[in-house]
Structure formats: structure tokens, C-alpha cells
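Chemist: First the structure, then my questions, so here it is.
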Amino acid sequence: MKKLLGMVLVGVLGVSASVSVRADDEVAVLETNRGRLVVEFWPDVAPRTVENFKKLVRAGFYDGTAFHRIIAGFMAQGGDPLTKDPAKESLWGTGDPGYKIPAEFNDRKHERGVISMARSSDPNSAGSQFFLMLGTSPHLDHQYTAFGRVLEGDAEGNKTLDLIERTPVTMSPNGEPSKPTEKVFIKTAKILPRSQVTGGKR
């Protein structure tokens, strides 16, 4: 992110669908053009971040957004509403929902499959942009708000991460080899009861 997760490299990057479903028993289902990702949340360590992400998902905010920055072995960054508009490509990486949320740094590790919030040099500048870890990066721990992870043991989710990671990239305007040459995007995002997605398995 020119303004947001770019600093990762230098700076070391609603209402419940059913009142009977506990917040910690909900997952996000991200249907991408590379496959499905099911994300479980960590409201015990990042409650406000989790609630914000769920709110945006329920509003359809992430539908059509692209992963505008992909670095194999590191992370794939998405969640910028500006990526829905090719005419605004020069601004990709700077968009947000119109507000910021406070950081909730915690002890969860930034390892493959973890989802965390992108931000600028201001710790309390996250909004909607997030990144999915494609490797293990300890230097991000306690610096960015990790708030969930792709379900462990989910073969489809792991395959989707692999396909995202293998996306060809070229140089971005700032000289980083991270600009996808093929569009990788979220077709739809939904919040669903875990049992509906996993058949009750945890």
C-alpha cells in the first residue's frame, strides 16, 4: 500500500445474522476468483477490529475489491474500495471506509493464513484494508492487529492461498515487485455461522 502496508517493509504492514449465533461462532467466507477462504475470528484479542470487519462484510463493502499487492512468502493485501475502479489504479492502496479504527495489537503471531489489518505509520490508522499472511513474519508481531486466520486444515483454503501466492507480479510504481499482472479479487464476502460452513467441526 503506497500509504498503508508499504510501511510494513519500512516500518519495521452490525447486527448478527442470527441472534442465536454467538459472535465467536461466526466465520467470514470470502469467495475469490482463486477459490474460497473461510476465516475464523479472534474477538478475544481484537474485538473492535473483528466487529468492524464483520460490519463491512455485511454491508457488501469487500465485494469486488482486489488484492492489489502480493508478495510471495510474505502477504497479499486487499480491502481497498478504490480497487473496484480501474480508473483509480494510481490511488490503489490509499482507500478506506471513511474512518479509522484504533489498533488492538496482541500476542497472536503473523504466520501463514493469519489475517491482519494494514495501516500507515500511525498505529491507529487502520480502516478496511487487510493482509493475508503467506509466510511467517515475526517483525509484524505486536505492530499490526492480527484478528483471525484461514481455517487450519481447510484444504480448499490452503489451495486458495497457494494460488493467490503464485499470482505473477510486476514492479509497482514504488519499485516493489508486488503488482499483480492478473486480477485477484473477492467476488463475494459473507458472515455465516461456523456450523453452516464446517458442519460443526472446529
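Chemist: Does the stretch 154-199 hold any residues that are of a type outside the set (A, V, I, L, M) and assigned to a strand (DSSP E or B), and which are they?
Modeler: Passing the criteria: T170, P177, S178, K179, P180, F185, K187, T188, K190, P193.
Chemist: Looking only at the stretch 71-83, count how many residues are out of contact with any strand residue (DSSP E or B) (no Cβ under 6 Å at 6 or more places or on another chain) and surrounded by 15 or more Cβ atoms within 10 Å (Cβ to Cβ).
Modeler: Total meeting the criteria: 6.
Since every read-out is calculated from the coordinates, none of them should be taken as a lab result. The shown structure was predicted, so the numbers you read here are calculated from the model rather than taken from an experiment. A quick note on method: Cβ atoms are made from the backbone with ideal geometry, for glycine too, and the neighbour counts reach across all protein chains shown.
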